[in-house]
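Take a look at the structure below.
Read-outs: derived from the displayed coordinates by stated rules, not from any lab. Note that the coordinates shown come from a computational prediction; the quantities given were computed from them, not determined experimentally. All Cβ positions, even for glycine, are placed from backbone atoms using ideal geometry, and neighbour counts span all protein chains on display.
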Amino acid sequence: MTDDEIKRGAEIAVQAGVAYVKTGTGWAGKPTTVETIRLIKQTIGDAAKIKAAGGVRDLRTIFEMTEAGCSRFGIGIRSAIRIMEEAAALGAGTLAFEEVMRAQANA
């Protein structure tokens, strides 16, 4: 989809009263990017939440998408296992998510 199509789709979804604007099915098309999340957030503001599906394969992507305005993720089992392993290796079980990611970014 083009940026204009993404924006228009998000606007229509919000006008229809959705709680979440989802980036796709997660199974088809190109993977969701942080830029796509930013575009949707700029378009809808706080009128609805955002769910990313497709392209969410590591902890850094989750952090960046969260920072861009995404609050829910559709993640396949292989990616979920990888993300949990990354979090465990960083000590995410004992620290707040944001603290772990900031520490990783500064490392």
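Of all the residues in region 67-92, those that are over 16 Å from residue 31 (Cα atoms), buried (at least 16 other Cβ atoms within 10 Å of the Cβ) and not aliphatic (A, V, I, L, M) number 2. Here residue 26 passes the criteria (1) touching a strand residue (DSSP E or B) at 6+ places or on another chain (Cβ under 6 Å); (2) part of a helix (DSSP H, G or I) except the one numbered (2). Within region 40-68, the set of residues being more than 25 Å from residue 90 (Cβ to Cβ) and in contact with a Ser or Thr (Cβ under 9 Å, 6 or more places away or on another chain) comprises 40, 49. Scanning region 42-60 for residues that are of a type in the set (D, E, K, R) and either surrounded by fewer than 18 Cβ atoms within 10 Å (Cβ to Cβ) or over 16 Å from residue 9 (Cβ atoms) (or both) turns up 46, 49, 57, 58, 60.
Which ones in region 33-86 are among the aliphatic types (A, V, I, L, M), out of contact with any Leu (no Cβ under 6 Å at 6 or more places or on another chain) and more than 16 Å from residue 6 (Cβ to Cβ)?
Here is the first cut: in region 33-86, the ones among the aliphatic types (A, V, I, L, M) are 34, 37, 39-40, 44, 47-48, 50, 52-53, 56, 59, 62, 65, 68, 75, 77, 80-81, 83-84.
Keeping just the survivors that are out of contact with any Leu (no Cβ under 6 Å at 6 or more places or on another chain) gives 34, 37, 39-40, 44, 47-48, 50, 52-53, 56, 59, 62, 65, 68, 75, 77, 80-81, 84.
Scanning region 33-86 gives 56, 59, 62, 75, 77, 80, 81, 84.
Looking for something in contact with a Leu (Cβ under 9 Å, 6 or more places away or on another chain), buried (at least 19 other Cβ atoms within 10 Å of the Cβ) and farther than 17 Å from residue 74 by Cα - is there at least one such residue anywhere in region 8-22?
Let us first name the residues in region 8-22 that are in contact with a Leu (Cβ under 9 Å, 6 or more places away or on another chain), namely 10.
From what's left, buried (at least 19 other Cβ atoms within 10 Å of the Cβ): 10.
Retained after the next criterion (residues that are farther than 17 Å from residue 74 by Cα): 10.
Within region 8-22 (the criterion being in contact with a Leu (Cβ under 9 Å, 6 or more places away or on another chain), buried (at least 19 other Cβ atoms within 10 Å of the Cβ) and farther than 17 Å from residue 74 by Cα), the answer is yes, since at least one residue qualifies.
Could you go through region 29-48 and let me know if any residue there is part of a strand (DSSP E or B), farther than 19 Å from residue 83 by Cβ and of a type in the set (Lys, Arg). It would help to see each step written out before you state the result.
Residues of region 29-48 part of a strand (DSSP E or B): none.
No, the conditions are met nowhere in region 29-48.
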